[in-house]
Structures are given as C-alpha cells and as structure tokens.
Amino acid sequence: MADLIGVSNWNIYKNIIRDAHDTFNQETVLWQKRLFGLDIHGEDDDNAQYQFIPLKCLMNYNDFKVWPLNTPTVSGELDRETTVAIFNLKYLGENNWLSTNGQFLFNQATDRLIHRGITYKSTGDTLLAQAYNEPLLVHLVLTREETETATEQR
C-alpha cells in the first residue's frame, strides 16, 4: 500500500496530523496520576498521593446522543454520559508520557482525568490515525467518575 500512495505522501499526512495538535488540541485536562499503589496490606491507600499534570487534547463530546443515557435506580439515577479525549502521540512522547513501546502511560485503574471540574475515569483506549506503519493519535473513552446527587452543583 505504501508503494501505491508513496512514502512521501505518508510523511505529509503524518506532519499534518502532528502539526494539527498546535491548532486543534487546545482543551486542557488535568491528569490525576497516582504516584503509588497499594499499602503494605495490599489494600487501597487512603493517603495516596497524586501528581496533577495539565495535558492538551481535543475533546470529542457525545454530540451524536439523541436519547438519555441516565439509568434510573431505586436510590437515584446513574449518569452513563461519556466523552472522548484525543491525544497526539508526538506531544505525549515529547513530554515522556509514552512507554518504550509507544503506549500512553495512563493507568486506567488508578489515574483519572479532570475536565471542567468533572472527574472522569477511562473505560477504554485505542490508537488511531494510522499512517501506513504507525498510529499518530490515541483516544481515551471517558466516563464520569462520581455519581452526582440532587444537592451537588456543577
């Protein structure tokens, strides 16, 4: 396939996607990165420490939703709203946020993203914008972490 399109065309595509970060990926989220894991008894540590890292990304809001995603329960409603944060792999790599095999160093079990005051957990991720032999972007599917009650304000 590279012979049909030409390697130089792939390089043009890569440069366009990578350079688009400076234009489109301007939404700031806070990466709440957990610094250490379990306590000496193998349980969650109530005194866990976090590093808060501002990240630039493109937010893909759930703009195709045309019906409610809230799930009613006896004690209230659960918010099943999701969004997607799209990150440029070159940007992540330049900041040492990629593993040696090019994976985003985001721990889905313990790390969170905070966007506009709402805490999200990642419920999945995937590489995208394939350019012949390498992906250029990664996106994280984000679900709200907390269940809000009627007395909480946004």
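No value in this document is a laboratory result; all are computed from the given coordinates. Fair warning: this is a prediction, and the values are worked out from it, not measured in the lab. When we count neighbours, we look across all protein chains shown, and the Cβ atoms used for this are built from the backbone with ideal geometry, even at glycine.
Listing for the model above:
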{"item": "Computed FRET value (nearest 0.05) for Glu81 with Thr126, which takes r as the C-beta separation and R₀ as 25 Å", "result": "0.80"}
{"item": "Where labels lie 7 Å past Cα in the beta-carbon direction, separation of Asn9 and Gln51 in nm", "result": "4.2"}
{"item": "Förster radius 22 Å - calculated FRET efficiency between Phe36 and Ser99 (Cβ-Cβ, nearest 0.05)", "result": "0.75"}
{"item": "Hz values of 3J(HN,Hα) by residue in segment 90-107 - Karplus curve (6.51, -1.76, 1.60), Gly and Pro given as x", "result": "5, 4, 5, x, 4, 9, 6, 9, 10, 6, 5, 9, x, 8, 4, 7, 9, 8"}
{"item": "Burial ordering of Thr143, Thr123, Thr82, fewest other beta-carbon atoms within 10 Å first", "result": "Thr123, Thr143, Thr82"}
{"item": "Förster radius 25 Å - calculated FRET efficiency between Val74 and Glu145 (Cβ-Cβ, nearest 0.05)", "result": "0.70"}
{"item": "Cut-off 14 Å between beta-carbons: net charge of the residues surrounding Glu94, Lys and Arg +1, Asp and Glu -1", "result": "+1"}
{"item": "Net charge of Cβ neighbours under 14 Å - reference Ile16; Lys, Arg +1; Asp, Glu -1", "result": "+1"}
